[in-house]
1. Of A:SER31, A:SER13, which residue is touching a residue at least 12 places away in the same chain (Cβ under 8 Å), within 24 Å of B:TRP262 (Cα to Cα), of a type outside the set (Lys, Arg) and away from chain B (no Cβ under 13 Å)?
2. Condition first: assigned to a loop (DSSP other than H, G, I, E, B) and either within 14 Å of chain A (Cβ to nearest Cβ) or surrounded by fewer than 21 Cβ atoms within 10 Å (Cβ to Cβ) (or both). Now tell me which residues in the stretch B:193-218 satisfy that.
3. Within the stretch B:150-164, is there a residue that is surrounded by fewer than 20 Cβ atoms within 10 Å (Cβ to Cβ), more than 14 Å from chain A (Cβ to nearest Cβ), assigned to a helix (DSSP H, G or I) and of a type outside the set (Lys, Arg)?
4. Among A:THR49, A:THR69, A:THR55, which is the only one that is touching a strand residue (DSSP E or B) at 6+ places or on another chain (Cβ under 7 Å) and of a type in the set (Val, Ile, Thr)?
5. Go through the residues of the stretch A:42-55 one by one and say whether even a single one is within 22 Å of B:GLU200 (Cβ to Cβ), surrounded by fewer than 17 Cβ atoms within 10 Å (Cβ to Cβ) and basic (Lys, Arg).
6. I'd like the full set of residues that are within 17 Å of B:ARG269 (Cβ to Cβ) and in contact with a Lys or Arg (Cβ under 9 Å, 6 or more places away or on another chain), limited to the stretch B:216-243.
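The values are calculated or read from the model by the stated rules, or taken from the named source; none is laboratory data. It should be emphasised that the depicted structure is a prediction, and the values quoted were computed from it without experimental measurement. Reconstructed Cβ throughout: ideal geometry from the backbone, glycine too, with neighbour counts over all protein chains shown.
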Amino acid sequence: MTIENSAIYQQLSTLLVQEFEIDPASISPQSNLFEDLDIDSIDAIDMLTRLRDLTGKDLPADELKSVRTIGDVVALVEAN
Amino acid sequence: MEPAAPGYWLWRLWQAVIVPLFYPLFGLGCAILLLLVPVAHAVLREPKKRTRYFRLAVHHIARLWFNLARLLRVFDYRLVNGQAEHLLPLQAATTDSDLSTAGENAHGHLVLANHPALIDVLMILALMPNLCCIMKSDLSQHPILGLLIRNLNYLSNDNPEIWLAQAQLRLESGESLLVFPEGTRTKPGQPVSFKLGAVELARRTRAKVLPLVVHYNSHYLSKSCPWYELPHSKLTYQLEVGPTINPRTLAVNSTPRQARRWLNQELQRYFRERLARPLAWPTGAADVADIRRVLAGNLQHLGG
């Protein structure tokens with residue numbers, strides 16, 4: 001199964017489009033949150049909080065530091 | 001003071017003598033506080049009360065230090081006229097009875113200031129006796145400053161998610177917070193640029209924001225200036241206080257990201273506009289009286 005087909009990826013894409021006004025065309029597993037999508041560190045915290053609510057998973061804030069791409073976020077959610 | 005002015009070289013000579021003696025007094029202040037740590041722990045059992053009195057001690061030491069600076073002509077400072085009233089809500093809660101009711105009061109204030117020199121934090125603490133500061137995380141690693149910071153119950157900004165949550169709790173329990181939204185000292189000659197943590201706090205808590213624009217006429221003690229490069233003219237600090245901004249007016253149907261960016265832009269514009277307008281140092285004695293009165297403790301609630 002590719003990343004694009006995973007439920008987490010779909011949820012994350014919807015979240016980025018609806019809450020962070022990201023252009024759907026610029027979203028791919030390789031897009032860098034901070035460089036390509038103009039997400040800042042507070043946006044990232046917001047995003048993590050929303051993902052916790054959506055998935056019911058306890059995602060540690062410290063792991064956000066190593067996250068760069070959308071694929072990294074999906075991997076982070078799936079690893080927890 | 002210009003090199004041509006009468007007394008200029010005498011003034012320069014005095015600076016060369018007094019400046020190396022004056023700034024190390026900061027260390028003396030720290031030493032006094034350090035000595036107060038075991039005393040406070042022996043006498044005051046309640047941690048909240050201990051924090052409160054510890055902050056009050058810092059407040060008084062800072063006041064003393066600034067009055068001494070003026071007396072010794074190291075630097076001078078003033079509030080822009082007619083703005084002292086905005087400080088009143090932040091000068092309360094110095095007595096025991098205020099302490100016990102502090103938690104029941106409404107939200108604390110979020111005090112936001114630009115940070116041109118090391119000492120402006122002390123100037124702000126000299127004006128407001130019970131502020132919680134957000135410190136850079138490396139300061140709390142320092143063996144002495146770290147101990148003082150823990151006793152003052154300040155917050156450290158190492159993890160943004162954690163400090164935002166802690167700061168939110170503090171504001172909601174009625175504590176007022178001081179944040180330098182630039183996250184570091186202002187770079188001389190550049191317009192201020194704010195990080196989004198401060199506005200996120202305002203957005204989450206809808207706490208009242210008190211902007212404090214620090215006008216400083218030199219680069220002395222900025223990040224790129226070593227202490228021994230003495231200034232060529234008299235150092236002056238002028239504080240523009242308030243008016244208080246109420247973030248309840250934030251657009252309700254915007255996403256958190258839009259609200260943050262909008263508020264940040266507004267605040268940045270506010271600070272930039274004010275800082276772009278040079279503020280002349282008044283020549284009359286009456287103009288300086290305002291902050292002197294505040295520091296002398298003539299305002300309501302302000303003891304000693």
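1. Exactly one residue qualifies, and that residue is A:SER13.
2. Those that are assigned to a loop (DSSP other than H, G, I, E, B) and either within 14 Å of chain A (Cβ to nearest Cβ) or surrounded by fewer than 21 Cβ atoms within 10 Å (Cβ to Cβ) (or both): B:SER193, B:PHE194, B:LYS195, B:LEU196, B:ARG206, B:ASN217, B:SER218.
3. No, the stretch B:150-164 has no match at all.
4. It is A:THR69.
5. Yes, the conditions are met somewhere in the stretch A:42-55.
6. Across the stretch B:216-243, the qualifying residue is only B:GLU240.
Here's the yes/no breakdown for (1) farther than 22 Å from B:LEU263 by Cα; (2) more than 15 Å from the chain's Cα centre (by Cα); (3) at pLDDT 90 or above:
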{"position": "B:ALA117", "(1), (2), (3)": "yes, no, no"}
{"position": "B:LEU122", "(1), (2), (3)": "yes, no, yes"}
{"position": "B:MET135", "(1), (2), (3)": "yes, no, yes"}
{"position": "B:TYR154", "(1), (2), (3)": "yes, no, yes"}
{"position": "B:ASP158", "(1), (2), (3)": "yes, yes, no"}
{"position": "B:ALA167", "(1), (2), (3)": "no, yes, yes"}
{"position": "B:GLY183", "(1), (2), (3)": "no, no, no"}
{"position": "B:GLN190", "(1), (2), (3)": "no, yes, no"}
{"position": "B:PHE194", "(1), (2), (3)": "no, yes, yes"}
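Table: residues versus (1) within 25 Å of B:ASN157 (Cβ to Cβ); (2) assigned to a helix (DSSP H, G or I); (3) within 14 Å of chain B (Cβ to nearest Cβ); (4) modelled with pLDDT of 90 or more.
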site: A:VAL17; (1), (2), (3), (4): no, yes, yes, yes
site: A:LEU59; (1), (2), (3), (4): yes, no, yes, no
site: A:ASP62; (1), (2), (3), (4): yes, yes, yes, no
site: A:VAL74; (1), (2), (3), (4): no, yes, no, yes
